Amino acid sequence: MKKRQPGGKGASKEAVKSRSSYNPCEIKKKREFYQNAKKVQKYKKLKKELDPQNEDGAGGSRSQIGGRRHRKRGFSSLERLRGEYERKKEEVEVVKEERAKENVARQQAREHSEKLRKQTKAKMFKKTSKGQPVMKFRLEQILNNVKSGKAQ
């Protein structure tokens, strides 16, 4: 047997592995087995609820009284959930369509303003044949700014 180093705590890895009750492979297999069993149970339960031909019950929508099966009044819980799901799905689609329309409108407004800026910029940079700026367009811009209340 190996000597323990001074200051070490507990058993060494070799000692733990040599114990007959500790086997990580078996523990892992057991865990997987139980997880799979849990998933299978959930699957069977869900399948039973969703299967319309199944006589045992569609999510508790039928009850047995005196040997007969009676359907409860109104919707079954599954039908109600489907209705809620469809309603929420439609609401989400409406919201998506509204956002798409807003984005298109915003994009068109952005393109329009960009087009106007390019036009005014082109006018402001026009030069005469001698290289001097054309004052007509600059004066128009100043006049528009004064009218709109934007003083330079």
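The values are calculated or read from the model by the stated rules, or taken from the named source; none is laboratory data. Note that the structure is predicted; figures quoted are calculated from it, not measured. Neighbour counts run over all protein chains shown; Cβ positions are idealised from the backbone, glycine included.
With the condition kept exactly as written, say whether any residue in the range 121-134 is surrounded by 10 or more Cβ atoms within 10 Å (Cβ to Cβ), at pLDDT 90 or above and of a type in the set (S, T, N, Q). Within the range 121-134, not a single residue is surrounded by 10 or more Cβ atoms within 10 Å (Cβ to Cβ), at pLDDT 90 or above and of a type in the set (S, T, N, Q). Yes or no: ARG80 surrounded by 10 or more Cβ atoms within 10 Å (Cβ to Cβ), within 29 Å of the chain's Cα centre (by Cα) and at pLDDT 95 or above? Against the criterion (surrounded by 10 or more Cβ atoms within 10 Å (Cβ to Cβ), within 29 Å of the chain's Cα centre (by Cα) and at pLDDT 95 or above), ARG80 does not qualify.
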